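The values are calculated or read from the model by the stated rules, or taken from the named source; none is laboratory data. What you see is a predicted model; the values in this text were computed from it and never measured. Positions of Cβ are backbone-derived with ideal geometry, glycine not excepted, and every protein chain shown enters the neighbour counts. All accessible areas refer to the heavy atoms of the entire protein, side chains included, with ligands and DNA or RNA removed. Shrake-Rupley method; radii C 1.70, N 1.55, O 1.52, S 1.80 Å.
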Amino acid sequence: MVEQTLAPGARVGIVGGGQLGRMLALAAARLGLSSHIFTDRDDDPAIEVAGRACVAPYDDERALARFVAEVDVVTYEFENIPAGAAAFLDSQKPVRPSPRVLALTQDRLIEKNFIAGLGIEVAPYAQVDDAGALARAVAQIGRPSILKTRRFGYDGKGQTLIRLGSDLATAFRSLGGQPSILEGFIPFRCEVSVVAARGLDGDFVAWDIGRNVHEHHILATTTVPAGLSAELAARAVDKARRIAEALDYVGVLAVEMFVVEDSAGLRLLVNEIAPRVHNSGHWTLDGSVTSQFEQHLRAVCGFPLGSARAHGPLEMRNLIGDDIFRWRELLARKGACLHLYGKSEPRPGRKMGHVTLLRDAEN
Ligand code: AMP
């Protein structure tokens with residue numbers, strides 16, 4: 001019989017070995033949990049801080065069987081896990097959040113239909129299966145608009161902007177002619193995310209909302225507080241709560257939203273759901289009573305959730321590529337909490353670490 005609620009000493013299996021897996025493994029150690037990483041890369045940053053690691057392709061059932069036999073619960077740090085692997089793991093041990101959530105968030109069309117079906121506003125969108133459907137979608141939604149592949153998109157990959165003069169057949173081909181969606185381009189005032197957790201018992205806790213700035217489609221900074229009115233912030237949290245409840249979600253999730261302003265005032269459009277700990281929640285490591293990594297583990301193990309109270313105003317900055325070379329200057333800076341992911345090669349666009357600047361600690 002598989003226990004629903006675990007205790008310290010249990011072993012948590014984490015699928016994925018990137019920086020999110022690394023920070024989950026570090027949080028697991030603090031709670032007296034062991035961690036076991038499953039990844040397809042032997043130089044992944046989570047490996048050196050986890051108790052155990054299994055390196056094999058994500059669809060290697062024999063390796064998955066060995067991995068799952070050694071853990072009490074399975075979670076994941078990225079959402080593009082093959083459906084077959086998730087189903088197999090779920091047949092052996094609890095997978096939290098559930099594979100149903102994975103299937104939904106792996107496909108932008110299914111995800112958008114789900115969010116819109118809850119009565120939550122999203123950007124106008126249309127299904128695009130071929131170049132003809134793209135022409136019809138552009139006629140309906142207009143330009144500028146964004147063509148996004150339904151699957152395997154992240155950090156702006158699998159997206160192309162349809163401008164006034166863009167050739168539609170070329171745009172569709174540039175994404176590999178894959179099933180896609182067209183989204184209206186939203187002239188947003190700012191982007192925010194609600195990072196929240198839902199426990200095994202249905203308890204729901206959200207952190208303060210972060211305001212996110214992206215550069216070259218990659219998150220550059222998250223600022224807390226986000227500068228939203230209390231009323232708008234409550235509306236944002238309510239959307240995240242409705243999404244989490246509808247999914248019977250267990251764990252941390254991030255809901256990314258656009259804040260738009262029109263004659264009716266400020267509105268929130270949900271852009272996407274990340275069914276995992278999220279880059280815009282990294283500030284919680286230094287800026288909150290309970291970090292998103294600890295909270296995720298508490299949720300998936302069936303422990304009580306911790307307080308999400310923030311200590312004060314702050315800014316989280318990602319260290320991307322060569323930014324890593326600022327480590328010495330950042331260490332010397334008051335109020336700066338530095339996190340490096342142990343990656344050897346600082347390639348352009350690669351997330352090498354982050355720093356949280358605690359404003360109240362700066363002087
Ligand atoms: P996504 O992969 O959907 O998270 O998109 C990455 C980033 O592209 C977002 O954080 C926005 O900055 C931008 N973006 C995505 N969709 C839209 C949209 N419909 N309108 C305007 N900007 C968008």
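For the reader, a short list of remarks on this structure follows.
- Odd one out for residue 261, checked against (1) within 15 Å of the ligand (Cβ to nearest atom); (2) open to solvent by 30 Å² or more (accessible area, probe 1.4 Å); (3) of a type outside the set (Val, Ile, Thr); (4) assigned to a loop (DSSP other than H, G, I, E, B): (4)
- Scanning the stretch 142-157 for residues that are open to solvent by 40 Å² or more (accessible area, probe 1.4 Å) and of a type outside the set (Phe, Trp, Tyr) turns up 143, 144, 150, 151, 155, 157.
- Some residue of the stretch 189-201 being among the acidic types (Asp, Glu) and either open to solvent by less than 70 Å² (accessible area, probe 1.4 Å) or assigned to a helix (DSSP H, G or I) (or both): yes
- Scanning the stretch 158-186 for residues that are within 11 Å of the ligand (Cβ to nearest atom) and open to solvent by 20 Å² or more (accessible area, probe 1.4 Å) yields 158, 159, 161, 185, 186.
- The stretch 100-134, subset more than 16 Å from the ligand (Cβ to nearest atom) and in the same structural domain as residue 153 (by TED's automatic domain parsing), residue farthest from the chain's Cα centre (by Cα): 132
- Taking (1) assigned to a helix (DSSP H, G or I); (2) within 16 Å of the ligand (Cβ to nearest atom); (3) closer than 30 Å to residue 7 by Cβ in turn, residue 236 satisfies each apart from (3).
- Any hit, the stretch 62-69, residues being in contact with a strand residue (DSSP E or B) (Cβ under 9 Å, 6 or more places away or on another chain), open to solvent by less than 40 Å² (accessible area, probe 1.4 Å) and within 24 Å of residue 350 (Cα to Cα): no
- Residue 86, sole failed condition from (1) touching a Leu at 6+ places or on another chain (Cβ under 6 Å); (2) surrounded by fewer than 18 Cβ atoms within 10 Å (Cβ to Cβ): (2)
- Verdict on residue 138 being within 11 Å of the ligand (Cβ to nearest atom), on the phi < 0 side of the Ramachandran plot and not in a loop (DSSP other than H, G, I, E, B): no
- Where residue 146 falls short, out of the listed (1) in contact with a Gly (Cβ under 9 Å, 6 or more places away or on another chain); (2) part of a helix (DSSP H, G or I): (2)
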